[in-house]
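A.B. asks: Sharing a structure below in structure tokens format, with a few things to ask.
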Amino acid sequence: MADSGQAAETRRSDGAAANSEIAAAFDDGPAFIPYLAVGDPSYEASKAYVEALARGGADVIELGLPFSEPIAEGPTIQGAIVRALEGGMTPELFFEFVEDVDVDVPLVCMTYYNLIYQYSPPGSDERGPEQFVARAAEAGISGLVVPDLPAEEADPLRAACDEHGLDLVFIVAPTTEGERLQSMMERVSGYVYVQARLGTTGAKSDVSDQTDRSLQRLSEWNVPKAVGFGISSGEQAERIVASGADGIIVGSALVDIVADGVDSEWSTAETADKLEAKARELAEGATRGQTEPAPSDE
Amino acid sequence: MADSGQAAETRRSDGAAANSEIAAAFDDGPAFIPYLAVGDPSYEASKAYVEALARGGADVIELGLPFSEPIAEGPTIQGAIVRALEGGMTPELFFEFVEDVDVDVPLVCMTYYNLIYQYSPPGSDERGPEQFVARAAEAGISGLVVPDLPAEEADPLRAACDEHGLDLVFIVAPTTEGERLQSMMERVSGYVYVQARLGTTGAKSDVSDQTDRSLQRLSEWNVPKAVGFGISSGEQAERIVASGADGIIVGSALVDIVADGVDSEWSTAETADKLEAKARELAEGATRGQTEPAPSDE
Amino acid sequence: GKFGDYGGQYVPEALMPAIQELTDAYERYVVNNEDGFMDEFRQRLADFGGRPTPLQRADRLSERYDCDVYLKREDLLHGGAHKLNNALGQVLLAKYMGKDRIIAETGAGQHGTATAMAAAHLDMPCTIYMGERDINRQRPNVFRMKLNGSDVKPVTAGRGTLKEAISETMRDWAASVETTHYVIGSIVGPHPFPVMVRDFHAVISEEMRTQVREQTGGLPDSVVACAGGGSNTMGAFAHFVDDEDVNLVAVEAGGSSLAVDEEKGVAPNSASLSTGDEGVLHGARTKLLQDSFGQIMESHSISSGLDYAGVGPELAHLVDEDRVTPVAIDDDAALEGFHRLSNTEGIIPALETAHAFGYLEEHAEELSGTVVVNVSGRGDKDLQAAIEETEARDIPNAPDMSMFSEGI
Amino acid sequence: GKFGDYGGQYVPEALMPAIQELTDAYERYVVNNEDGFMDEFRQRLADFGGRPTPLQRADRLSERYDCDVYLKREDLLHGGAHKLNNALGQVLLAKYMGKDRIIAETGAGQHGTATAMAAAHLDMPCTIYMGERDINRQRPNVFRMKLNGSDVKPVTAGRGTLKEAISETMRDWAASVETTHYVIGSIVGPHPFPVMVRDFHAVISEEMRTQVREQTGGLPDSVVACAGGGSNTMGAFAHFVDDEDVNLVAVEAGGSSLAVDEEKGVAPNSASLSTGDEGVLHGARTKLLQDSFGQIMESHSISSGLDYAGVGPELAHLVDEDRVTPVAIDDDAALEGFHRLSNTEGIIPALETAHAFGYLEEHAEELSGTVVVNVSGRGDKDLQAAIEETEARDIPNAPDMSMFSEGI
């Protein structure tokens, strides 16, 4: 406990990741952070897809642990969650998946607070964030994103993360300002998830200029800024990174491929190949963004 | 007008019929007074039926001039009225029928007040009771029964009847008492229609002992008492007359035969024969009632 | 029992004693408040019925017509229409008279449901006659009556509609008159029904008068109410009849046309005040839709509650006296009024009531000052009809209803 | 924003500024009546909504249970249920906040229709999200919303019911939060919704308290209200919470059984107060029906308005504090209560409300003194459901409904 308290203090003072793997992912140029819901549409397929993302150049992977009421998600990711739940995904299976999946990038668990709040390890009667984070750490999770957990309600989870060396990623919206921004800055670690525009998750062809303004608001934060919401092409990835992002987060554009695979009855390998190709496009776009000058209005 | 005023005065003082034919009908033993709706189911058939009733022994015949809202009728006579209206019966056709039908008993028109109130002779703009009664008298009608015209509202019609020598028959219900009875006694002529029981028209197998009480209430009236509502057999006719009635009125039991004829597609002659037979049964019953002693409870 | 030449008691003799007994009871209990009848009536109207109903300013309509439009919210009365005022009054009166049974007839079912509610509330056995065809068209209302414990008797005679149900109820009454009260649903029928039903509904204009004074400081310039038989109309007018400066507008159902088809015996409207002739129907002399022989015409309106060939004798008289102005509003304009109140004021009116809003639109140039409209009922009962009738027409202010083509 | 451990603001970050802006507006306008907001709200509730609603003694029920049963008649509010109190309050608040658009979600359609009415009344554009399956089950309500000028958006995701509609509305709000107010329909969701919705409905118990004192001279012994999300419940309880001698009974939907089928993720009831566990749903920590993993269970009730897996955090807290007694009443008993109120008192209650009358019957021996039941809504919307559910059971006090076997 003393140790973790110290870790938290360290994090808050220097903005560094609590988890060294996540910190490392941003060391080496812009990070490409793809998202998939675990178990969509099955445990095995999902494993192949996540491994394909790693091959495609992912620096960190966000793994969705599906919750029945995903209020922050757009229809695309909601569809993935429904498929995963219908396929029998549970928190325990999720952790087995994390242990099982063959990738060597840090894994971040994205889920809703009730699953964390209710979590109890097999055979235990105790429930809650501490239990969840302990199991996540044991399975090899490096960080958490909890879209319905605002900074104000996050202290119990933050403490558990500190204790177990996990990062807790917060989402900054275009509307986040003032005290709230401050409160998040004090609690965030690993990276900050910069929401590119208002709305829920979902691939869009336009990427708002709100991104630029958001990045400016966060310019003083000592934590990598990863931009998400609506990125679907290598070109967009390039622009975002050129605007100053330290990383890009892509979910819906990848989930769309999984959904197409389900609808069109592609083989797992076929879908995995398409995912890998898309990942590569995005990762390369991000890399280009760093080396190119920022696009001007001319 | 002076004449008719005098006639009215005469009637009211001695209770005699204004119309000599109706008076005569009761002279010769108990009167059998059948009812049919004119035009049910057609002008021609209806003519044959009325003539059959005369052959069967009718002393007076009540001819229904059909009105679209027959609120005092039971379902049987309502059915007859619907058939007659659908067959095209109108007040003018009704009067032609009266002129046309080959019977030598007095004819009484039974209808609702709106048809009287609205009546205007062909080619005339004037409407109302005076016009109606004039035309009825001309056609050969001897009297009127208007079930929705209480004595209190009857003065205009009473005056027109007096002027044209028609009787105006009122219906006395089992519930009629006191002043209302008095008011009717002052206005009635021809005969009084004694309603055998509460309710609307319709053949019933029981004839209520309300009849006896009603006849007693009217014992001082100087006008023949004809009992109606629910008489359907010679036996009932006999009992009623034996109880002191001067006549019996039968409608629904006869209309039932017409309705059966329509339903069973009997020929007009066939229906007419059945009507004649039924009329004979009723007329003979009535006659027996006068000669037999009144039935006792033993 | 007379309003000029109108009114009277044109009923079969067997019913006269009941009519006289009712007249006597009306005078004792309703007119003279014997045994505190009217106090109990008013208390029950408040507690059970929800009176007083509000008088609400309609902001959008006021702006549209450049005057102050106020809505008297009878749609908020228990059951969803003004009908309960009368039904509760008569059932309570029957109790005071010692009757142990209630009968009524109903066409669209509004009067039947109000009577069934009142009968349940006052623990009175109740039988309601309804034409078989109407039963099939108004099944939710039939179900409501049954839920309230009433016996609903189908009438199969004739065309199976209101006319036949009235005849059948009269028959029941003629046979059961000693123990039974017949609850007539409008200001029609023989005396004392027209005055009694008016008195029970007069609470509408009594409240209206107080409320409009409180809100505007004066009397209204006009009071507008739809008119079928005329019960909500006289209820809304009663306390203003003596105020000669208050225009009283009775909005009738103009149907599809004011012309008549005498051949078929059909008037494609229910505008007896505007187009009817004097005659005798259902116990009273009044204005009627009838053919030249005096046969009653089949009337028509988009709103079944206005669909009646007669009208209350008192209204007929007030029209002859030029105290009440009759206006006919056709089906199309009524539907437009229905949609206007729904989408600009958040109140879905009954199709009957909608005629009054059709009047506002069509006679906008005549409106000025304070105009009070009686919102006689809510439109929940009319949703299916509104869909069908709107689809059959080109109503500019209707929402897209394509998803409801197959009904709701 | 907390009730013991319950409540809070568990929402996506993008919504937090809106939630904070709303919290600020709630404190200024609702709590402190800035710019006379509460005065205008109350005036509109009176004129447009029909407040105060009556407190009526139920004579037959009082006799049956040998105590004084009073009915708080929220069924008489415009729209037919208490829902308008809140919808009108929030739409008016949105106007004060300068928002120019309203969104809401609805399951059975009651909150949607109330919101659509309020939006029309206050001239606010309104979009209502509704699951496609619910749209097909509740077509009359959909039509009412469209008539009131609202845009009804079908949600096709998932099973097409309330849960999906909530997600879709959240999505809209997350994208439009700067111009749009999301009208939540119960005392659920993130702070300030639970307190704000309670405050808008608290007029129920405020009136109740005055009325019961006027009629009985004292406070009630019990206040009984059905509880789904709990808005009518807290509305009926709010002004009695500090009166420790007044029993507060929250009647939940016991459905067909209080047992759960964890395998299928189905709880055949909606009794979250009686059987739920603490968790986080739709922005607040409260009692929930959830499986051992924390996935939300599909709840069930004969009354769609009670069919929700969560409950207001304030109610959850009051239950933990033993201030409110939760009681579960199953579908059968609710239906029997539905029929009893209909045929003995002349009031057809909503199936939600019927649970409270099921409670009276099943807990008759516990009743004494003055018992006030909140009649949260009328049952017109439930006629079809009542037929189907009654036919599927043996309900001794139901009328013969054979003619309705094919629906109404």
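A.B. asks: Tell me the relative contact order for segment A:2-288 as a rounded percent, counting alpha carbon contacts under 8 Å between residues six or more apart.
C.D. replies: Reported as a whole number, the value is 24 percent.
A.B. asks: Within segment A:2-288, how many lysine pairs that are 8 or more places apart, or on different chains, have C-alpha atoms less than 21 Å apart?
C.D. replies: The result is 5.
A.B. asks: Suppose you put the label 7 Å out from Cα in the Cβ direction; list, shortest first and in nm with one decimal, how far residue C:215 is from each other copy's label.
C.D. replies: Distances to the matching label points in the other copies: 2.7 nm.
A.B. asks: If you don't mind, there's one more thing I want to ask. Using only helices, what value at 222 nm comes out for the protein assembly as shown when you add -39,500 (n - 2.57) per DSSP H run of length 4 or more and divide by the total residues, to the nearest 500 deg cm²/dmol? Write down the numbers at each step before the final one.
C.D. replies: Details: 58 runs with 608 residues, N = 1412.
Rounded to the nearest 500, the figure is -13000 deg cm²/dmol.
A.B. asks: Roughly how many Å² of residue C:23 are accessible to a 1.4 Å probe, to the nearest 10?
C.D. replies: The accessible area comes out at roughly 20 Å².
A.B. asks: If I model a spin label at residue D:24 and residue D:397 as a point 7 Å from the Cα along the Cα→Cβ vector, what separation in nanometres do I get?
C.D. replies: Inter-label distance under the simple model: 5.3 nm.
A.B. asks: Over chain C, what relative contact order in percent results from Cα pairs under 8 Å that are six or more residues apart?
C.D. replies: Over chain C, the number comes to 18 percent.
A.B. asks: List the residues, sorted by chain then number, that are 5 or more residues from residue C:7 or on another chain and whose placed amide H is less than 5 Å from its amide H.
C.D. replies: So residue C:7 has HN proximity to C:285, C:286.
A.B. asks: Okay, next question. Peptide B:74-82: average number of partner chain Cβ atoms within 10 Å per residue?
C.D. replies: Mean partner shielding for this stretch: 3.
A.B. asks: Now a separate question. Based on DSSP, what percent of beta bridges with both residues in segment C:266-408 are antiparallel, to the nearest 5?
C.D. replies: If we restrict to bridges inside segment C:266-408, about 90 percent are antiparallel.
A.B. asks: Out of all DSSP beta bridges with both ends in the protein assembly as shown, state the antiparallel percent to the nearest 5.
C.D. replies: Bridges in the protein assembly as shown that DSSP calls antiparallel: roughly 20 percent.
A.B. asks: Something else about it: Under a crude label model (7 Å from the Cα following the beta-carbon direction), how far is residue D:39 from residue B:222 in nanometres?
C.D. replies: Placing both labels 7 Å along Cα→Cβ, they lie 8.4 nm apart.
A.B. asks: Could you tell me what a quarter of the Cα convex hull surface of the protein assembly as shown works out to, in nm² with one decimal place?
C.D. replies: 61.1
A.B. asks: Restricting to segment D:202-309, what percent of DSSP beta bridges are antiparallel, rounded to 5?
C.D. replies: That works out to approximately 50 percent antiparallel.
A.B. asks: Segment C:324-408: which GluC sites (Glu not before Pro) are DSSP loop and have at most 15 other beta-carbon atoms within 10 angstrom?
C.D. replies: The qualifying sites are C:406.
A.B. asks: Binning every alpha carbon pair distance of segment C:255-295 at 10 Å from zero, what are the percents per bin?
C.D. replies: 32, 56, 12
A.B. asks: Near residue C:99, which aspartates and glutamates are there with a Cα under 15 Å away, not counting those fewer than 8 places off in the same chain?
C.D. replies: Leaving aside aspartates and glutamates fewer than 8 places away in the same chain, those within reach of residue C:99 are C:21, C:24, C:123, C:172, C:178.
A.B. asks: Using a 7 Å offset from Cα along the direction of the beta-carbon, what are the separations from residue A:217 to the same position in each other copy, nm, ascending?
C.D. replies: Listed shortest first, these distances are 9.3 nm.
A.B. asks: Among the lysines, which fall within straight-line cross-link reach of residue C:381, defined as a Cα-Cα distance under 29 Å, with same-chain neighbours fewer than 8 residues apart omitted?
C.D. replies: Straight-distance partners of residue C:381: C:72, C:83, C:146, C:153, C:163, C:287, D:72, D:83, D:146, D:153, D:381.
A.B. asks: Taking the Cα centre of segment A:85-244 as origin and charging only Cβ (+1 Lys, Arg; -1 Asp, Glu), how large is the dipole, in debye to the nearest 20?
C.D. replies: I would put it at about 660 debye.
A.B. asks: Compute the Rg/Rh shape ratio of segment C:122-273: radius of gyration over Kirkwood radius, all on alpha-carbon atoms.
C.D. replies: Computed over Cα atoms, the ratio is 1.04.
A.B. asks: Using bins 5 angstrom wide from zero, how does P(r) for segment C:293-342 break down, in % of all Cα pairs?
C.D. replies: Spelled out bin by bin, segment C:293-342 gives 5, 15, 18, 21, 21, 14, 4, 1, 0 percent.
A.B. asks: Just the projected area, averaged over all directions, of the convex hull on the alpha carbon atoms of segment A:2-288: how many nm²?
C.D. replies: Mean shadow area of the hull around the Cα atoms is 13.4 nm².
A.B. asks: Turning to a different aspect of this structure: How big is segment B:110-261 along each principal axis, measuring the range of its Cα positions in Å and listing the largest first?
C.D. replies: 49, 43, 23
A.B. asks: Same structure again: Could you pull the copy-to-copy label distances for residue B:156, with points set 7 Å along Cα to Cβ, in nm to one decimal and sorted shortest first?
C.D. replies: Its label point is 8.9 nm from the equivalent points in the other copies.
A.B. asks: Run the quick spin-label model on residue B:44 and residue D:63: label points 7 Å from Cα toward the beta carbon, then report their separation in nm to one decimal.
C.D. replies: Calculated label separation equals 6.5 nm.
A.B. asks: How about segment D:197-289: which GluC sites (Glu not before Pro) there lie in a loop by DSSP and see at most 11 other Cβ atoms within 10 Å?
C.D. replies: Within segment D:197-289, the qualifying GluC sites (Glu not before Pro) (loop, at most 11 other Cβ atoms within 10 Å) are D:244, D:263.
A.B. asks: Okay, moving on. Taking the convex hull of the Cα atoms, report for chain D its projected area averaged over all directions, in nm².
C.D. replies: Convex hull of Cα atoms, orientation-averaged projection: 18.5 nm².
A.B. asks: Over segment C:1-141, what lengths in whole Å, largest first, do the semi-axes of the equivalent ellipsoid take, defined as the square roots of 5 times the eigenvalues of the alpha-carbon gyration tensor?
C.D. replies: Result for segment C:1-141: semi-axes of 30, 21, 18 Å.
A.B. asks: For peptide A:115-125, how many partner chain Cβ atoms fall within 10 Å of a residue's Cβ, on average?
C.D. replies: 3
A.B. asks: For residue B:168, enumerate residues with amide H under 5 Å from its amide H, sequence gap 5+ or separate chain, H modeled in the peptide plane.
C.D. replies: Under 5 Å from the amide H of residue B:168: B:144, B:189.
A.B. asks: On to the next question. Specify whether the C-alpha gyration tensor of segment D:100-177 places it in the rounded, prolate or oblate class, a ≥ b ≥ c being the square roots of the eigenvalues: rounded for a/c under 1.5, otherwise prolate if a/b is larger than b/c and oblate if not.
C.D. replies: Oblate, because a/c is 1.5 or more while a/b does not exceed b/c.
A.B. asks: How long are the semi-axes of the equivalent ellipsoid of segment D:261-336, taking √(5λ) for every eigenvalue λ of the Cα gyration tensor, in whole Å from largest down?
C.D. replies: Each semi-axis is √(5λ); the values are 19, 17, 10 Å.
The values are calculated or read from the model by the stated rules, or taken from the named source; none is laboratory data. The structure presented is a predicted model; accordingly, all values stated were derived computationally and were not measured. Here Cβ is always computed from backbone atoms with ideal geometry, including for glycine, and neighbour counts include all displayed protein chains. Note: accessible area is taken over every heavy atom of the protein model, side chains too, but ligands, DNA and RNA are not part of it. Shrake-Rupley method; radii C 1.70, N 1.55, O 1.52, S 1.80 Å.
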